[in-house]
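The values are calculated or read from the model by the stated rules, or taken from the named source; none is laboratory data. Keep in mind the model is a prediction, meaning the values are calculated, not measured. Please note: Cβ atoms are built from the backbone with ideal geometry, for glycine as well, and neighbour counts cover all protein chains shown. Surface areas here come from the heavy atoms of the whole protein model, side chains and all, with no ligands, DNA or RNA. Shrake-Rupley method; radii C 1.70, N 1.55, O 1.52, S 1.80 Å.
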Amino acid sequence: MFFAATAGELTRLAGAWSGGRDCAAAHVALAYVDAADLDPGQLLELDTLATGHDPVTVREALLTPAREIGRAGALAPGSLAQGTEEQVVLTVRTALYRHLGGSSTARLAELAVRWELRSWGMDWDAQRYLGLLRGLAMLSELATRESRGVYVRFDV
């Protein structure tokens, strides 16, 4: 799940999620986009495709749980364990979500095709990627307008 949140909302969400509760229990009404079965590797591909940034730099920033979260002490890597599933929250890089927020539908469609070609046989196709990109573009515009960060929660 991709979502937009302030630092305070993120702290409340961490407390709710670590206690096995949902967003309503944290008193946070999230704007979110369902990430379905997207994995961190696919997000890495998207970031490098969209921004053109060095894959090593993107991987370091993306696959390390959100630095803001770690500094705030709310979430440490792996701190959201629930049962046999672990929930990991990562920061979506500002460069990526601002790029998506300013993209036209044609640019998003082009990016979706390129993303499919680099996905190495994943179950996702360009249409599915495009649907996700459209949702992320809207979420990104909202986050920018409301001075929120964009995060993604993976269940691993």
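Report in % the part of the accessible area of the range 88-156 that belongs to carbon and sulfur, leaving out ligands and nucleic acids; probe 1.4 Å. Please report the intermediate quantities before stating the final value.
On the way: 1810 of 3470 Å².
Ligands and nucleic acids excluded, carbon and sulfur give 52 percent.
When Lys and Arg each count +1 and Asp and Glu each count -1, what net charge do the other residues less than 14 Å away from His53, Cβ to Cβ, add up to? Spell out each step's value before the answer.
On the way: positive: Arg59, Arg93, Arg98; negative: Glu45, Asp47, Asp54, Glu60.
Result for the local shell: -1.
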